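Right, one structure below, let's go through it.
The values are calculated or read from the model by the stated rules, or taken from the named source; none is laboratory data. As the structure is a computational prediction, the values presented were derived from the model and not from experiment. Counting neighbours? That spans all protein chains shown, and the Cβs are built from the backbone with ideal geometry, glycine included. Areas reflect the complete protein model, heavy atoms only, side chains present, ligands, DNA and RNA absent. Shrake-Rupley method; radii C 1.70, N 1.55, O 1.52, S 1.80 Å.
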Amino acid sequence: MFIKFLIAAVFAGTPLLFGTVGEIMNERAGHLNLGVEGMMAMGACAGFMAGFFYDSISIALLAAFLAGMLGALIYAVLTITFMANQNVTGLTLAIFGVGISNFAGEFMLVNSASNSLKLPEQITAQISNINIPGLSTIPVLGPLFFQYNIFVYLGVLIAITCGIYYSRTKTGLNVRAIGENPGAADAAGIKVTKLKYINVLMGGGICGIGGAYCSMIINGGVWMNNPVNGQGWIAVALVIFASWKPFRAIFGSFIFGAFNILKYYFPKTIITIPNAFYDMLPFVITALVLVVTSIRKSKENQQPASCGVNYFREER
Amino acid sequence: MNSKSHVPFIRTVKISERSGKDTIKIRIAAFVLALTAGGLFILFLGYNPLELYGTIISGAFRSKMAFQATIRFMIPLLMSSLGVALAFKMRFWNIGAEGQIIVGAVCASYFALFHDNWPHFLLLIVMFAAGAIGGGLWGLIPAYFKSKYDTNETLFTLMLNYIALHIITYLRDGPWKDPGSSGFPKIARFTSNAQLDKVLGVHFGWIIALILLVLVFIYLKYTKHGYEISVVGESKSTAKYAGMNVKKIILRTMVISGGICGITGMIQAAGSDMTLASSVAGGVGFTAIIVSWLAYLNPFGILLVSFLFSVLEKGSSVMQSTYGLSTYFASVLQGIILFFILGCEFFIRYKFVLTKKGGK
Amino acid sequence: MKISETNYAIELKGITKTFGKVIANENVNLGIKYGEILALLGENGSGKTTLMNILSGIYYADEGSICIDGTEVSITNPNEAINLGIGMIYQHFKLVEIFSAMDNIVLGTRGRYVKNSALREEILEMSNKFGLEIVPDKKVYNMSVSEKQTIEIMKVLYRGAKILILDEPTSVLTPQETEKLFVILRRMKEQGNAIIIITHKLHEVLAISDRVAILRKGQVVDTVNTRDTNEKELTELMVGRPISLEINRPETINRKTVLKVVDLSVINEDGTKGLNNINFNLKSGEILGVAGVAGSGQRELCETIAGLMEAKAGAILYNKENIIGKTPDEIINLGISMSFVPEDRLGMGLVGSMDMVDNMLLKSYKKNKGFIIDKKPSKELAEELVDKLSIITPGIETPVRMLSGGNVQKVLLGREIESEPNVLITAYPVRGLDINSSYIIYDLLNEQKKKNVAILFIGEDLDVLLELSDRIMVLCHGEVMGLVDAKNTSKEEIGLMMAGKKMEGVDSDE
């Protein structure tokens, strides 16, 4: 039972992982993008529709990535080039992304033959769990580590790559410098605008994949409105929990995944709690995390200093 | 040296700030461009944009009933936008209007459900107060942590939205479940004693909304509190320097901001839904953010924008029945409009210059 | 590409740059050779920094051309400047606080990721060559200003710069540290680098440079050889007319202690010591100057007296009443009239986006009773100030951030003086102002002094402190190093104290 719980937690945490890593990429470049929910929703819709029409997981992933990126592009143009208020732009992106995703979903539903959209068998086979030969049969460890679907592995891989990017590469160092002090980075000859765009767009793309997970896996391959359903917002908060470190995001996401599914696994024999409280739990915990991290402030594990502030080179 | 880069490049240059007239021109141009972009989107879907926009506008005004429905859309939007604007003026990113509306509605509904034998106006006044207090308290929580620990209010208020939403589902599935509804979880309909009366065909929430509009306008513009809010919004250290109690101002303003949203919840439950539904806020709290920002936090601007948005909301429901297009079109178009307005602000302070490299 | 005949390392021709309506540089022509130190002299706001930012690729000139080694180039971003061998050392350091010295030095450089151990070696070797002291693994937020500056210099050298530009490099250094910097600069000059040093301090120009280019209102008015000139001539060129450099120091009688600070200690938010056991008296009718390297506790001192910061221990007695633990509001309500002119004018003293009227309200809006605000007195006050201090503004309804630095300071100081305080605290009141505006501010302060106001003057220019103050208190690391009579001290003595040398028994108190 406990192993099953852990496995379910990993599944439930995976969309959060994508969202969190995507937002880390934004914030590391100095852009507080509150539009994660919107970018995930856009990815959810595009990924699902691409999977529905083309029967191919790679096309679905690409579509989700590009859709998330498109959302991020709107944000990037407005905040990086036009220097618009990051908070408001992000919020608008969230509303817009969810709106357009649901709009497109309903548009497809109305125009579909059976008034329902279900992913074809061919693609559900591609996103079902993979048994890694030789490893998946090991007792306990096998099911715990080697029997997930492609999204889970992709998410962990992206998080690890991202972690190495920031801690071990020169470009990563440059991006961190931009997030801390874009003026200093600029003076040091770093291409601030270009790197900001790259990181914000990549982050958006990653969020998009997380959205595709929501629409393609969580709802069992049937399109429903609001597939992301607040996960994007939790992801924004998880960034703080992960203290802007992709490695920590992996554990943070899975822990929050566990909160999400606790109601199905908590032994009812001990105490019965209304479902609504279980549903509330991740949000309550997130709020608590926000308060706790704000109470104990450390110098190193802080939000990148320029986050939320736009950069204009000729500012005097 | 450097001969490879003899291509022209674009750079951003600061200009002296434009006059008020030019500013308005730019914003109008952005609005028109936004509608054009929305039109292109419609065109892409295979519809005639002019026809669709026409449907939206006529849908909102085509009959007395339709117009009344538009006003019904407008009441909560106007009220919560006013509430949000107070917090935004203080640069407190209250995106928790949704939750504050819900908690206000929950508190008011308690009296509607369990004390509906009280005299009509006493009951309404108590519900009104309960809504204001509930919303106010829900706004006070993030304000407290913000002022004490500098806790990120954006995410905190957001989490409170979801928590509030699940409070309704808890009440609906459990203690407040209507025994009369056979198995299907819902909360009982308010008796007519707990419903808002109608004035000119629409529940009198519109009068309250207009009163609030005037009050908020005066509060922001002519009172000491309003002045304090603007100073805190501009710079906390200036406020402290001037001897203002910044913490107190944050707490006070958020109680008022949340309180107004809470009243919105009461009005929605007792005037529009006649029950406590989990959709009582229904995204209004989020749209309010767009409205107040588009109106540059000016109360009368909010009146105008919320009216426009209500036309859009009502019109798109007509559009849905006519063309089968989802009402989510409204939020798409609202998003596009704000994107363009946000972008156009740039041209008030900056411009792009095309420069040829190499000096020649 | 045309080749110019001169052997300049860098040559500017007809450079013009505007910001909105403001012309920062106009038709500037300038050249510098390798193995030469050129001083760029000019008042605040004369366009020195803008000009150098054009060279370093931060700004892009509207008109004109730049030649390096005789070849015309186009510098559109800092990266291109670096590739052309131009290195800029900014006045406001461009360092990433949470990075180590090493990370800051290699930041943005090309090439593959170098192992830390190899990099450490390389940096140490290079710093030895130029006589720079660097601890590669130290985090910037743990560094002193002088250490930070060393990192900035190292950054530039690491990138192989041959042309170095230093923007007001001595403004944060003690006289001794300045001397050390000059030794480094001379060594770099001997190694064939071209060096441009931006400054408005005349004696430094004479001490370090070979030639001086003088900027006034964005134009180069003259270029002279340092050995053929003197302070007087340079000043006249800089200001445009002969002026006396003397600042008045009116004598006042009947000075009484108004403010007595006893064993004051303050802890900053991050847990560091802001002030440590401070003792001094402030008397009516005197200007007490406060000297010290930036960040020595000046801000903490001002804000604690003004009631904006909490004290950990000690007392501040205002006519025998302890005001510690009181809010600014309560201090005013006690009938103590104290004014604080903070260094951060638009971030603390004034609200930039509000007009003069609303800014006048800042300190007085609570006075009238009731809920509604009364703007009439503020409006009158604003109009009065515009007249009295000849503030240049399109109108009292213009947001104050649109005014020039000097006028913003007049608005702020004017408002504070109008409240007729007994104690006036000013932090860096002439920062960023040109000489004319500065002298107006000094006069305003002296006027207040003659009205028996006790003035605490936090300054940065030692020459000004020595001439304007009656007594000078020197702070270092939040401690008082000494309190001396301004007439009987020297720059060197104050410099030593700024660097942390304690002077005992020189207090001319009582």
Estimated FRET transfer efficiency when R0 is 60 angstrom, pair A:Ile132-B:Phe352 (beta carbons, to 0.05): 0.70
Net lengthening on full extension, C:Ser419/C:Ser390 (0.36 nm per residue, minus Cα-Cα): 8.6 nm
DSSP beta bridges in chain B [antiparallel fraction, %, rounded to 5]: 100
222 nm mean residue ellipticity, helices alone, for chain B (DSSP H n ≥ 4; -39,500 (n - 2.57); rounded to 500): -23000 deg cm²/dmol
0 to 90° range, to nearest 10: angle between helix B:97-114 axis and chain B longest Cα axis: 10
Residues in the range C:361-391 occluded by at least 30 Å² - accessible area, probe radius 1.4 Å, against chain by itself: C:Leu362, C:Lys363, C:Tyr365, C:Lys366, C:Phe371, C:Ile372, C:Ile373
Where C meets A: accessible area buried, both sides, 1.4 Å probe, Å²: 2400
C:Lys487-C:Val114 FRET efficiency (beta carbon distance; Förster radius 51 Å; 0.05 resolution): 0.35
Heavy-atom SASA rank of B:Phe44, C:Phe457, B:Phe307 (probe 1.4 Å, accessible area, largest first): B:Phe44, B:Phe307, C:Phe457
Carbon plus sulfur fraction of accessible area for the protein assembly as shown, probe 1.4 Å, in percent: 59
Förster-model FRET efficiency, 30 Å R0, B:Tyr47 and A:Asn219, C-beta, rounded to 0.05: 0.55
Sparse-neighbour loop sites [trypsin sites (Lys or Arg not before Pro); the range C:286-349; at most 11 other C-beta within 10 Å; DSSP]: C:Lys320
Delta accessible area of at least 30 Å² on complex formation, residues of the range B:134-175, 1.4 Å probe, chain isolated as reference: B:Tyr149, B:Thr151, B:Asn152, B:Thr154, B:Leu155, B:Phe156, B:Leu158, B:Met159, B:Tyr162, B:Ile163, B:His166, B:Tyr170
Solvent exposure of the range B:73-324 as accessible area per residue, Å², 1.4 Å probe: 34
Solvent-accessible surface (1.4 angstrom probe) belonging to C:Met309, in square angstrom, nearest 10: 40
Over the protein assembly as shown - Rg/Rh using Cα atoms and the Kirkwood inverse-distance radius: 0.99
GluC sites (Glu not before Pro) within the range C:1-62, DSSP loop, no more than 15 other Cβ atoms inside 10 Å: C:Glu5
Label-point separation, A:Ile160 to C:Asn333 (7 Å along Cα→Cβ), nm: 6.3
Per principal axis, descending, Cα span of the range B:73-324 in whole Å: 61, 40, 37
GNM flexibility winner over chain B from B:Lys224, B:Lys177, B:Lys236 (Cα, springs under 10 Å): B:Lys224
Contour excess over end-to-end distance, with Cα ends at B:Ile24 and B:Ser321 and 0.36 nm allotted per residue: 103.3 nm
Protein accessible surface hidden between C and B, which excludes ligands and nucleic acids, total in Å², probe 1.4 Å: 3200
Sequence of B:Glu345, C:Glu384 when ordered by accessible area, the most exposed leading, probe 1.4 angstrom: C:Glu384, B:Glu345
Where the range C:348-419 is the region considered: accessible area per residue in Å², 1.4 Å probe: 44
C-alpha long axis of helix C:116-130 to longest principal axis of chain C, angle in °: 90
Solvent-accessible surface (1.4 angstrom probe) belonging to A:Arg248, in square angstrom, nearest 10: 110
Interface burial for A against B (accessible surface, 1.4 Å probe, total of both chains, Å², rounded to 100): 4300
DSSP beta bridges in the protein assembly as shown [antiparallel fraction, %, rounded to 5]: 60
Alpha-carbon radius of gyration plus Dmax, which is the widest Cα pair, for the range C:1-127 in Å: 17.1, 51
Pair B:Arg11, C:Thr272: separation of 7 Å Cα→Cβ label points (nm): 3.5
Accessible surface ranking that places the most exposed of A:Glu180, C:Glu269 first, with a 1.4 angstrom probe: C:Glu269, A:Glu180
Angle in degrees between helix B:64-89 and the longest Cα principal axis of chain B, rounded to the nearest 10: 70
With DNA, RNA and ligands ignored, accessible area of B:Thr322 (1.4 Å probe; Å², nearest 10): 90
Partner chain coverage, peptide C:19-29 - average Cβ within 10 angstrom: 2
Nonlocal amide H pairs with C:Leu166, under 5 Å, H built at 1.01 Å: C:Ile89, C:Ile196, C:Ile197, C:Ile198
